[in-house]
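To start, the structure itself, in structure tokens.
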Amino acid sequence: MRKGVLVIGGNLAGVQAALDLAQSGIQIYLVEESPFLGHGNEGKVSPHLLTADMLEAVKHPNIEILTDARVADLTGQRGDFQVEVQHSPRYVDLTKCTACRDCEQVCPVTVSVNGKPRRAIFGHGYGAVPNVFAIEKRGIAPCKAACPGGIHVQGYVALITQGRFQEALDLIREAVPFPGVLGRVCHHPCEEKCRRGTEVDEPVAICALKRFVADWALSPEPYPELALSRVEGQSRRVVEGPVLSPSTSLGIDSVEGWKKGLGELGETLSALSASSKRVAIVGAGPAGLTAAYFLARQGIASEVFEALPVVGGMMAVGISGYRLPPEVLQREVAAIEALGVKIHLNHPVDRDELERLREEYDAVFVAVGTHQGWTLGIPGEDLKGVLSGVDFLRAVNLAAPGADTASPSHLGAKVVVVGGGDVAIDSARVARRACLACPEQSRRVGGQEVTVLYRRSRAEIPAEPWQVQEAEEEGIKFHYLAAPVRALGQDGVLAGLECIRMELGEPDESGRRRPVPIAGSEFTLECDTLLVAIGQTVDTPFEDLSLARRGTYVADPVTLQTDMPGVFAGGDAVSGPSSVIEAIAAGQRAAESILRYLRGEDLALGRTTEEPDLSAIEYYTPEQPVRRPRAQMPRLSLADRSSFAEVDLGFTQEQVVAEAERCLSCGVCSECLACMSACQPCAIDHSAVGECLPLDIGAVVIADSQQAAGELLSGDGIYHILSGDPLDVSAVAARAMSDMAAYRERLEVPVTAVAMPLAPPRVGVFVCRCGGQIDGVVDMDRVVGFLRQLPRVVCADDLPFSCSEEYAQVIQQAVADYRLNRVVLAACSCCSLDQVCYSCTTQRVRCKTNLGVLAADSAKLREIYADISPRFEFVNIREHCAWLHSDDPVTATAEAERLVAAAVAKASLLPPVARSVIQLDSRVLVAGDGAAAGVCAGALIAQGFAVARSEEPPSAVVGSPGRFMVTWGGNGGQRQVEADAVVLAPSEAGQLSGLRDAVGIAEPATSLTTRLTGVFVCPPDGQAEVTGAAVAARVAALLGRGQMVAERDVARVDSQRCRACGTCESICEFHAPRLVADSEPSILQPPTSNLLVSRIDPALCRGCGTCVAHCPSNAITAGYSTDEQIEAMLTAMLA
């Protein structure tokens, strides 16, 4: 990395300083904290002028622009600073974005910035530089950070606000395969962290929103019917015993219809890359099925072995229908099967079977869950009527579908449930609903009185508060601070439960206060059925896998790898009983580990179990958030809760949209990923990360003090631009140049004037589709077909985006393959000139840079194209055809054909003219007795220039950069000095009167430059310290690199037509033409005779064409096209 100058602030002053320094051959690092240059100059400078200056900086090879960046650290001293720049991600690729605004149109997040609405992905309006969109991310939203499954919570909530339910569902499915399940049973830690609830009023009902979009997909419209047992024409479910799960149709009759209903996920199903790798998964619960889901999406075949007769694990047998209707789970399991996952039911796996799976499969994931309930360890626990809560729930859920009987046995009138977790509350609520048919009475007998016995207080109960509240609403009693001592029986049948009262002591390892028995407080509860729900563990664990203290498997917390090679374990089997979303997270983690294992990659690299630190994030909050009550979930009436009908009824569409609108958009970008789907050039990368860039710096220029940290405010070698005045800016640049004189890079390339090849034209034509901006109107196939018929065209094709590096390489390859010496690009660029005009954009500059057609890229041009040296011609069919005739495709297409045909005709006649390279030395003459003369001379000497001084103003200055001849005195005593550049620094304006017309000095002399390139003026009325230094900077910008390249459109004289009338010489205000003997060597033309002829100095010519218009012999050609080319273009257009 080259040592350079650090310029802080991308405002107009910072950009000018960067250009002054860069043009002198110094490397520049321009740091701007916002995503765009020009910050702070909006409304102060014409947008056209501002954009032009910014784009000049973008295309300068010596300027590296770092937007979204700030200086994090600066140490060292003048000439040798070590700087660290924190470069934040833009999330939009600067080399690909076309500024089409498609992303902005689909972004669902709107925030207020300075009182104006703006999307999370945004541009900076007309003329922004770089004209590339950016995404504002404040940081991971608290809701997403809290979600174990990593769901883009804010993203799907934002999509719901716009009624984009399918996109919301697709986004959820990117992270989890069970949106409908989670929408009902998730303990929603996201809502606990919702800033709406912690800072404004109540949290957004995130879980209910998820349920809505999942249920919306269940409606007949999004999904055709598909029988559960039919996937791609054959069953994926292998049954090895009686199936007790419902066999009813899910309402879907075709796999393709099912895939279509899955939205973006459905598009994945037909594109999975086949893999020879196979994975065995033991357990069809949330962890196992999630792992199978993500492996399948990566093309990895997996088979799931389940001991139960149903799929879903605890989701199927541990959660009852009033919370989770079976059809919801079955539908989402079917989606996993549709990916090709094969499920074996009634297939328990023992030690020998596990060993077989290890031998036959490439990896094994053990996700068996915890289906064995803990016992109380009290006397009488073996009495009839004492049941495990988890066994009770399993029996109820496995009851035959359609039958009214839903209980495994007669519960009796009084039921006691011991425990305080989800299983305990579910057991109590199910017992309340459960009923048993009594044949002799043809009536049902249920748990008429259900009591939950919990040894701590309500504040410590682990069940969700809303579950406890609903249980209480349904008539379930809670007896807190009590624990069972013994089960009392009569004739081997449970009759009562002896208990003891408790009090809370010191906290235990869980952080909750430990229950302590109160001596002498025993009491008895009448009890017909006792349901024990105090915890669970693995049922019949594998002996070869290490076990933890509570009977669960030991696995690496990051990778889930066990001590058995190729075997992974996760979910409740490792963590103990947990929530569905936590089991899903384990399945995600296992899938990632297995994929890495199969690829031979490091399993732990870049992964952690640590929660992200959100403390430093400055989240977005609307300026005045309005308090709005949280939507209340409609519920089944208490009178109707005697059955297993679902209690929560779900939101309406109006409710869900209104509730989603309560979101504060904390992270700004919600990571809904809609922009990625909309972006045709694939420019968006949400995974981008920031980086800390070390820079070797010789001097620091601060153009925006608000962006400079405290330690940057002063110090030797640190220079401040105190105003935006161009003179002040250049003066500061000159001081930085003095520090960097030893690091200026001069281009030591000899003067050459190699003409472009005169070989017969071989034209290649490329037409840009511009992501629909052009081909959305213009018939691209017709245009390309037309072009292939044109004479001299040997290659014609269309490109999606010509301004991307990828398609620049396509053009470069075509040049090599077809030996193209002419290339026409029909896109949005108007010309091949090395200039910036008001219509230029970042994309147009980028396109030319990628193709190597700019003057600064001459070395790149030779490197890319070797000996071919193609000439480029550009034609703008976007604005001139597609946009102008946007409502008339026929006319737009015809105009495109005519314009491109004209460009081909012009390219075929491109004259063999080289861009002249003028070699420059470091000789500078400073003439005059003004106070600024000494300042200027001193600044130039400090930069290493060879300065000649004269206090007497010269009588004549002729020549051009690199070859000025300066004269003093008359015929009697002339004195002459050669110089590469001249500085005139008079003490009063009258001293320059003799040179005013000769070199083009303004009246009064207020400008630093003259019309004669290479001659500079220090205005006598200016502040000497400022003007002297500013002029030194301008001189260094001209001479510093040792070369200047003439413009391609300079005027050219046909010596056969020129009659040496002198008209051009008299009319050119830049003094480019002069009459010389025709035998005088010329950069552009060889000598032919001794006659006088006009010669154009390419170092001075601006290509304005004034001489062309006034030449009576029509001997001069200038500008972008010759007369011959114009005639050919007109002929082509009128053909």
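The values are calculated or read from the model by the stated rules, or taken from the named source; none is laboratory data. Computed from a predicted structure; not experimentally measured. Because the Cβ atoms are built from the backbone with ideal geometry, glycine has one as well, and the counts that use them run over all protein chains shown.
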Going through the range 1006-1025 one residue at a time, which ones are crowded, with 20+ Cβ neighbours inside 10 Å and not small (Gly, Ala, Ser)?
LEU1008, THR1010, LEU1012, THR1013, VAL1015, PHE1016, VAL1017, CYS1018, PRO1019, PRO1020
Filter result for LEU504 (under 54 Å from the mean Cα position of the chain (by Cα), crowded, with 19+ Cβ neighbours inside 10 Å and of a type outside the set (Lys, Arg)):
no
Say whether the condition of being more than 18 Å from LEU920 (Cα to Cα) and either of a type in the set (Phe, Trp, Tyr) or at pLDDT 90 or above (or both) is met by at least one residue in the range 1029-1039.
yes
Which condition number in (1) in contact with a Leu (Cβ under 8 Å, 6 or more places away or on another chain); (2) surrounded by fewer than 24 Cβ atoms within 10 Å (Cβ to Cβ); (3) assigned to a helix (DSSP H, G or I) is the one that VAL333 fails?
(2)
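Could you say whether any residue in the range 72-91 is farther than 29 Å from LEU693 by Cβ and of a type outside the set (A, V, I, L, M)?
Scanning the range 72-91, I find no residue that is farther than 29 Å from LEU693 by Cβ and of a type outside the set (A, V, I, L, M), so the answer is no.
This table checks each residue for (1) buried (at least 17 other Cβ atoms within 10 Å of the Cβ); (2) part of a helix (DSSP H, G or I); (3) modelled with pLDDT of 50 or more; (4) of a type in the set (Gly, Ala, Ser).
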{"site": "THR248", "(1), (2), (3), (4)": "no, no, no, no"}
{"site": "GLU256", "(1), (2), (3), (4)": "no, yes, no, no"}
{"site": "LYS260", "(1), (2), (3), (4)": "no, yes, no, no"}
{"site": "GLU267", "(1), (2), (3), (4)": "no, yes, no, no"}
{"site": "LEU272", "(1), (2), (3), (4)": "no, no, no, no"}
{"site": "GLY288", "(1), (2), (3), (4)": "yes, yes, yes, yes"}
{"site": "LEU295", "(1), (2), (3), (4)": "yes, yes, yes, no"}
{"site": "SER302", "(1), (2), (3), (4)": "yes, no, yes, yes"}
{"site": "GLY312", "(1), (2), (3), (4)": "yes, no, yes, yes"}
Within the range 892-951, residues being farther than 30 Å from SER832 by Cβ and not small (Gly, Ala, Ser) number 15
Can ILE584 be described as among the β-branched types (Val, Ile, Thr), assigned to a helix (DSSP H, G or I), closer than 27 Å to HIS188 by Cβ and touching a residue at least 12 places away in the same chain (Cβ under 8 Å)?
yes
Residue ID - farthest from ALA1135 (Cα to Cα), chosen from residues in the range 775-801 that are buried (at least 23 other Cβ atoms within 10 Å of the Cβ) and touching an Asp or Glu at 6+ places or on another chain (Cβ under 9 Å):
VAL777
When (1) over 25 Å from ALA979 (Cβ atoms); (2) hydroxyl-bearing (Ser, Thr, Tyr); (3) modelled with pLDDT under 90 are applied to SER993, the one that fails is (1)
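Confirm whether ALA519 is under 50 Å from the mean Cα position of the chain (by Cα) and farther than 22 Å from GLU381 by Cα.
no
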Identify the residue in the range 515-545 that is of a type in the set (Asp, Glu) and closer than 30 Å to VAL574 by Cβ and, among all such residues, is modelled with the lowest pLDDT.
GLU543
I'd like the residue in the range 80-100 that is surrounded by 17 or more Cβ atoms within 10 Å (Cβ to Cβ) and over 26 Å from the mean Cα position of the chain (by Cα) and, out of all such residues, is nearest to PRO130 (Cα to Cα).
VAL83
Residues within the range 343-352 that are touching a residue at least 24 places away in the same chain (Cβ under 8 Å) and out of contact with any helix residue (DSSP H, G or I) (no Cβ under 9 Å at 6 or more places or on another chain), tallied
6
Residue hits (the range 567-605; closer than 23 Å to ASP539 by Cβ, surrounded by 18 or more Cβ atoms within 10 Å (Cβ to Cβ) and of a type in the set (Gly, Ala, Ser)) are ALA569, GLY570, GLY571, ALA573, SER575, SER578, SER579, ALA583, ALA585, ALA586, GLY587, ALA590
In the range 931-968, what residues are out of contact with any strand residue (DSSP E or B) (no Cβ under 8 Å at 6 or more places or on another chain) and of a type in the set (S, T, N, Q)?
GLN943
Tally, over the range 1000-1059, of residues that are of a type in the set (A, V, I, L, M), assigned to a loop (DSSP other than H, G, I, E, B) and free of Cβ contacts under 8 Å to residues at least 40 places away in the same chain
3
Give the residues of the range 101-118 that are crowded, with 22+ Cβ neighbours inside 10 Å and either small (Gly, Ala, Ser) or within 15 Å of PHE133 (Cβ to Cβ) (or both), sorted by residue number.
CYS103, CYS107, VAL109
Filtering the range 930-977 down to residues that are at positive phi, surrounded by fewer than 22 Cβ atoms within 10 Å (Cβ to Cβ) and in contact with a helix residue (DSSP H, G or I) (Cβ under 9 Å, 6 or more places away or on another chain) yields GLY944
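Yes/no per residue for (1) in contact (Cβ under 8 Å) with a residue 12 or more places away in the chain; (2) assigned to a helix (DSSP H, G or I):
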site: GLN469; (1), (2): no, yes
site: ARG486; (1), (2): yes, no
site: GLY489; (1), (2): yes, no
site: GLY496; (1), (2): yes, no
site: SER510; (1), (2): no, no
site: ALA555; (1), (2): yes, no
When you check GLN166 against the structure, is it under 24 Å from VAL689 (Cα atoms) and among the polar types (S, T, N, Q), yes or no?
no
With respect to VAL732, determine if the residue is over 30 Å from PHE165 (Cβ atoms), modelled with pLDDT of 90 or more and outside the structural domain of CYS1018 (by TED's automatic domain parsing).
yes
Do you know which residues across the range 286-334 are within 25 Å of ALA363 (Cβ to Cβ) and either touching a Lys or Arg at 6+ places or on another chain (Cβ under 6 Å) or polar (S, T, N, Q) (or both)?
THR290, GLN298, ILE300, ALA301, SER302, GLU303
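Within the range 652-667, identify whether any single residue is in contact (Cβ under 8 Å) with a residue 24 or more places away in the chain, of a type in the set (Ser, Thr, Tyr), outside the structural domain of TYR29 (by TED's automatic domain parsing) and not in a helix (DSSP H, G or I), and answer yes or no.
Yes, because at least one residue in the range 652-667 is in contact (Cβ under 8 Å) with a residue 24 or more places away in the chain, of a type in the set (Ser, Thr, Tyr), outside the structural domain of TYR29 (by TED's automatic domain parsing) and not in a helix (DSSP H, G or I).
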